[in-house]
Amino acid sequence: MKFQLGIANQREQLPKCLIEFLSYLETIKGKSPNTLDAYKIDLTMFFRFIMLYKGLCQVNENTEFQDVDISSIDTNILRNIVLSDLYAFLSFTEKQRDNSAYARARKVATLKSFFKYLYGKAKILDENIASELESPKIDKRNPVYLTLDESKRLLSSVKNSNNPRDYCIITLFLNCGLRISELCSIEISKIKGDTLTVIGKGNKERTVYLNKACLESIHSYLNSRNEFIDKISFEYKDILFLNKNYTSISKRSVENIVKKYIKKSGLDEDKYTPHKLRHTAATLMYKHGGVDIRSLQKILGHENISTTQIYTHVDDEKLREAIKSNPLSNE
């Protein structure tokens, strides 16, 4: 058979255990739609592999991997999965195109979460066979970000375009370090004075403080937005950023906006994305604003401090100066 990965068939019937697990993640754990999609993709792949690996389905030389039916996955099949099956699946995924350490780590995390649920919550298993799974080591990479001068160039290029909406978008990215999903879903009613309430990862609410540049750009954009207020349907009246059709702006549109002005600024359009602007805001706050790592964690909405610690690399100059200040440095 053709042992290749493919896009999941949207019409296939998902196993009951997977549907219940995704519902648990959404309603109890508050996971985002993107996270749910990732779990669904990984577990659908895992179930297809199990059906083939254990000979639980009829296949021939023309069978495509994405056509393997997983609707028959039930409690009996789940109880017969052992740790070696999980390792066999991970070995299989290593032969696929997306074989990065991040991709492998995500699949390990998915399996660990799923089998923990089957054991601890659903009470389907008598033991958690995935508890001993180890995640691949991921080398920490310094974040890609714009320098202060490059950030000013970018802002200047947007301002010169005379587009209040786009200028407001770039200003909020560079000053607040918002995620693209948070920016696209900003509601006008959530802006109170110099604070903005956003819904971040895991459906968690946090407060973002707005500085002078942010407040002025929002005010300017709202004045422009009010010129076509009559064209906005009730459904989108409270959404801050709208597209040319007067509906919610999409992530893709924001990505294109950022790419457009990055290129206009003479910077590398393939290197800098909305997420890199988030890195830029964090780095500038840490390097030039004197913001400590714990405060930065709250600003960015990171659940774990380890995620925020990637920004400590910008302290290299401070460390260099500290070593030079040692009284023994000239001895």
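The values are calculated or read from the model by the stated rules, or taken from the named source; none is laboratory data. In this text the structure is predicted, and so the values were computed from the model without any measurement. Cβ atoms come from the backbone with ideal geometry, glycine included; neighbour counts cover every protein chain shown.
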What residue, among those in region 129-170 that are under 26 Å from L86 (Cβ atoms) and among the aliphatic types (A, V, I, L, M), is modelled with the lowest pLDDT?
-> I138
Among (1) surrounded by 14 or more Cβ atoms within 10 Å (Cβ to Cβ); (2) without any contact (Cβ under 8 Å) to a residue 12 or more places away in the chain; (3) closer than 29 Å to G202 by Cβ, the one test that I129 misses = (2)
Those residues of region 42-67 that are more than 22 Å from L83 (Cβ to Cβ) and either touching a His at 6+ places or on another chain (Cβ under 7 Å) or without any contact (Cβ under 8 Å) to a residue 40 or more places away in the chain (or both) come to a total of 2
So which of I199, I169, I180, I186 ends up being buried (at least 20 other Cβ atoms within 10 Å of the Cβ), farther than 20 Å from G289 by Cα, free of Cβ contacts under 8 Å to residues at least 60 places away in the same chain and outside the structural domain of L111 (by TED's automatic domain parsing)?
-> I186
Picked from region 213-231 (must be over 18 Å from S189 (Cβ atoms) and hydroxyl-bearing (S, T, Y)), the residue nearest to the chain's Cα centre (by Cα) is S217
For region 38-50, does any single residue satisfy the condition of being part of a loop (DSSP other than H, G, I, E, B) and surrounded by 12 or more Cβ atoms within 10 Å (Cβ to Cβ)?
-> no
Listed residues K137, K152, K116; which is assigned to a loop (DSSP other than H, G, I, E, B), surrounded by fewer than 16 Cβ atoms within 10 Å (Cβ to Cβ) and either charged (D, E, K, R) or in contact with a Gly (Cβ under 6 Å, 6 or more places away or on another chain) (or both)?
-> K137
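Residue-wise test of (1) closer than 18 Å to R206 by Cα; (2) surrounded by 12 or more Cβ atoms within 10 Å (Cβ to Cβ); (3) not assigned by TED's automatic domain parsing to the domain that holds Y167.
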{"site": "K260", "(1), (2), (3)": "no, yes, no"}
{"site": "G266", "(1), (2), (3)": "no, no, no"}
{"site": "E269", "(1), (2), (3)": "no, yes, no"}
{"site": "P274", "(1), (2), (3)": "no, yes, no"}
{"site": "T283", "(1), (2), (3)": "no, yes, no"}
{"site": "H288", "(1), (2), (3)": "no, no, no"}
{"site": "G301", "(1), (2), (3)": "yes, yes, no"}
{"site": "S306", "(1), (2), (3)": "no, no, no"}
Do we find a residue being surrounded by 12 or more Cβ atoms within 10 Å (Cβ to Cβ) and in a loop (DSSP other than H, G, I, E, B) anywhere in region 76-87?
-> yes
Can you name every residue in region 207-236 that is more than 26 Å from S295 (Cβ to Cβ), in contact (Cβ under 8 Å) with a residue 24 or more places away in the chain and in a loop (DSSP other than H, G, I, E, B)?
-> none
Kindly indicate the residue of region 155-180 that is over 26 Å from the mean Cα position of the chain (by Cα) and part of a helix (DSSP H, G or I) and also nearest to L222 (Cα to Cα) among those meeting that condition.
-> P164
